[in-house]
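The values are calculated or read from the model by the stated rules, or taken from the named source; none is laboratory data. Keep in mind it's a predicted model, so treat the numbers as computed, not measured. Cβ placement follows ideal geometry from the backbone for every residue including glycine, while neighbour counts extend to all protein chains displayed.
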Amino acid sequence: MSVLAVEVEKLLGAFKIAVRFQATGGATALFGPSGAGKTSVVNMIAGLLRPDHGRIALDDTVLFDASAGIDVPPHRRHIGYVFQDGRLFPHLSVRQNLDYGRRMSGCPRDAGALHRVITLLDIGRLLERRPRMLSGGERQRVAVGRALLMRPRLLLLDEPLAALDAARKREILPYLVRLRDEAGVPIVYVSHLAAELRHIATHVVCLKSGRVVAAGGIELLQETDADALA
């Protein structure tokens with residue numbers, strides 16, 4: 001089972017992030033109100049934001065260590081990242097968007113892996129469509145598929161349902177649960193909605209004002225959202 005160990009500090013203007021936590025398999029939720037530092041933390045894990053101090057390691061691989069001068073570039077961290085809006089290329093078909101992740105990570109073509117991802121996310125009928133012809137939920141499923149085809153060691157999902165209406169959220173949630181249970185890739189899942197995380201999370205890290213205020217199981221998700229932590 002993969003272990004992600006994060007201990008970082010970052011000063012963003014007058015706002016200081018100082019967090020320490022571990023994520024081991026399943027889906028670890030970063031839960032907290034807007035402005036708690038959740039996205040900044042996953043950006044540091046991905047290598048998109050450089051911590052001022054600290055260390056990030058995935059199993060035996062050190063991704064960042066300020067004292068040792070280690071800062072692995074994002075494209076070499078083997079981490080899949082799914083953003084709020086999916087960020088698909090509008091001029092490419094779904095099939096081409098899926099293949100982009102594989103090519104950018106230098107993975108060889110693997111028809112079996114492609115078939116498994118298409119089946120897992122039920123996107124076979126979408127392959128020749130362009131992103132503008134997809135619903136919001138379909139776009140996010142394709143974005144998840146593209147990230148999986150990078151063969152990531154870790155998957156980061158930053159508020160992946162935030163741009164969807166209630167119907168589209170209900171549509172995609174079962175696929176995210178299947179992803180957690182069947183893909184074999186540990187997930188860090190960012191959200192401020194407790195109801196959403198109760199479906200997906202196996203472990204919860206609560207953030208408030210750039211600090212970890214609690215960590216444990218889904219029993220921490222007692223509020224309907226993270227406003228109570230604000």
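Miscellaneous remarks
Residue-wise test of (1) polar (S, T, N, Q); (2) surrounded by fewer than 17 Cβ atoms within 10 Å (Cβ to Cβ); (3) in contact with a strand residue (DSSP E or B) (Cβ under 7 Å, 6 or more places away or on another chain).
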site	(1), (2), (3)
LEU149	no, no, no
PRO152	no, no, yes
ARG170	no, yes, no
TYR175	no, no, no
GLU182	no, yes, no
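- The range 18-55 - residue that is β-branched (Val, Ile, Thr) and touching a Pro at 6+ places or on another chain (Cβ under 8 Å) and, of those, nearest to PRO160 (Cα to Cα): THR28
- Residue among PHE31, PHE83, PHE89 that alone is in contact (Cβ under 8 Å) with a residue 40 or more places away in the chain, in contact with a strand residue (DSSP E or B) (Cβ under 9 Å, 6 or more places away or on another chain) and closer than 30 Å to ARG129 by Cα: PHE83
- For the range 104-117, residues that are surrounded by 13 or more Cβ atoms within 10 Å (Cβ to Cβ) and either hydrophobic (A, V, I, L, M, F, W, C) or out of contact with any helix residue (DSSP H, G or I) (no Cβ under 9 Å at 6 or more places or on another chain) (or both) total 4.
- Each residue in the range 123-150 was checked for being over 22 Å from TYR81 (Cβ atoms), assigned to a helix (DSSP H, G or I) and free of Cβ contacts under 8 Å to residues at least 40 places away in the same chain, and 3 pass.
Residues are listed down the side, and each one gets a yes or a no for (1) buried (at least 16 other Cβ atoms within 10 Å of the Cβ); (2) more than 18 Å from the chain's Cα centre (by Cα); (3) modelled with pLDDT under 90; (4) over 15 Å from ALA5 (Cα atoms):
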residue: THR61; (1), (2), (3), (4): no, yes, no, no
residue: GLY69; (1), (2), (3), (4): no, yes, no, yes
residue: GLY80; (1), (2), (3), (4): yes, no, no, yes
residue: SER93; (1), (2), (3), (4): yes, yes, no, yes
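- Answer from LEU98, LEU120, LEU92 - the residue that is touching a helix residue (DSSP H, G or I) at 6+ places or on another chain (Cβ under 9 Å), in a loop (DSSP other than H, G, I, E, B) and not charged (D, E, K, R): LEU92
- GLU159 being among the charged types (D, E, K, R), surrounded by 19 or more Cβ atoms within 10 Å (Cβ to Cβ) and out of contact with any strand residue (DSSP E or B) (no Cβ under 9 Å at 6 or more places or on another chain): no
- Of all residues making up the range 18-48, the number that are closer than 18 Å to ALA5 by Cβ, touching a helix residue (DSSP H, G or I) at 6+ places or on another chain (Cβ under 8 Å) and surrounded by fewer than 17 Cβ atoms within 10 Å (Cβ to Cβ): 1
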